[in-house]
Each structure stands twice: as structure tokens, then as C-alpha cells.
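Please read the structure below before turning to the comments.
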């Protein structure tokens, strides 16, 4: 067994837990979106694509990261490459969301706390996932810890944002 496989093997239960949580939270986000379905109209499409869709994407990225780490018989090089690609794809998606929010004036309308949770922390999470993947390719000792930190940031941001959106939808729901 390689050093990377041994290192990631110690994280098995962590990735089972966060992967299961992420999959469950994707489902719950769909439920929340269906409950608030009356709120999402064509004129609110930009907001939905800027806030709701990214939260689902972040939870899905956690699930994909967990699947990559837990996949049996995947070499360390492939694991690092897949994780680096996962992180870079997430960074690209975050850049697209930031650009979209700025272009439609949403970034100026949301407060600093929401900017942190919706934009900055997910970007940092994906950056850490990409760095961890590159670290695994370079056989760095702490790559597994960096990966876990990135996943935790994405999970915390996703949970907070899902709650924030749920409260937002409930407060604006038509009687």
C-alpha cells in the first residue's frame, strides 16, 4: 500500500460522513427549493442561479471529492489529478458566479457576511481542494489535511447558505 493510500485510508470514516451529509443536503436543498417554488419566478432567475444553484454545486463537489478519495484501486497520481481537477473546476465555477453576481448588481446588494459565505469561503474551499490534489501529485505529507480543510469549508458554507436561503424564501413566501 502506498503512503498516500495509507494516509487517505485513515480518513475513510470522515469522507463517508461528509459524502453522506453532502448527498443528503443536496436532497434537502431540492425539497426547500420545491417548497419555495412559488418564489422562484423568471424575474428572480439570476438570484436562484447565483445563490441556490451554487449551494447544490458545492454539496455535489463534496460528494464527488468523497467518491474520489474512497474509490478503491485508484492510484495516488490519479487521485491527485482528479482532486486537482475537481478543485480547479470549482474555482472556475466560483469565478463564473462572482462575475454573474457583479454583472447583475447582486454583489453590491448583499452584505459583507453573505459575500463571505456565498463567494469567498467556497472559493477558498476549492482552492484548498486543488492545492491538496497538486500536493498529492507531489507526494506532500499534509495534502490529506489540506483536502479535509477544503471539504470542511465547502460543507460549512453550503450548510450556512442553505439555511440562509431557506429563511429568505420563507420570509418572502406568498400567503
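Among residues belonging to the stretch 108-134 that are farther than 20 Å from residue 56 by Cβ, modelled with pLDDT under 95 and assigned to a helix (DSSP H, G or I), point out the one that is nearest to the chain's Cα centre (by Cα). Step by step, filter the stretch 108-134, then rank; the result is 113. For the stretch 68-107, enumerate the residues that are part of a helix (DSSP H, G or I), in contact with a helix residue (DSSP H, G or I) (Cβ under 7 Å, 6 or more places away or on another chain) and modelled with pLDDT under 85. Within the stretch 68-107, 76, 97, 98, 100, 101, 106, 107 qualify. Residue 51: in contact with a helix residue (DSSP H, G or I) (Cβ under 7 Å, 6 or more places away or on another chain), at pLDDT below 80, surrounded by 12 or more Cβ atoms within 10 Å (Cβ to Cβ) and assigned to a helix (DSSP H, G or I), yes or no? Spelling it out, residue 51 is indeed in contact with a helix residue (DSSP H, G or I) (Cβ under 7 Å, 6 or more places away or on another chain), at pLDDT below 80, surrounded by 12 or more Cβ atoms within 10 Å (Cβ to Cβ) and assigned to a helix (DSSP H, G or I). Pairs meeting the criteria (first residue in the stretch 54-82 and surrounded by fewer than 19 Cβ atoms within 10 Å (Cβ to Cβ), second residue not in a helix (DSSP H, G or I), beta carbons under 7 Å, at least 6 apart or on different chains) are 76/2.
Just one of the listed residues (128, 153, 147) is surrounded by 19 or more Cβ atoms within 10 Å (Cβ to Cβ) and either in contact with a strand residue (DSSP E or B) (Cβ under 9 Å, 6 or more places away or on another chain) or without any contact (Cβ under 8 Å) to a residue 40 or more places away in the chain (or both), and it is 153.
The values are calculated or read from the model by the stated rules, or taken from the named source; none is laboratory data. As the structure is a computational prediction, the values presented were derived from the model and not from experiment. Cβ atoms come from the backbone with ideal geometry, glycine included; neighbour counts cover every protein chain shown.
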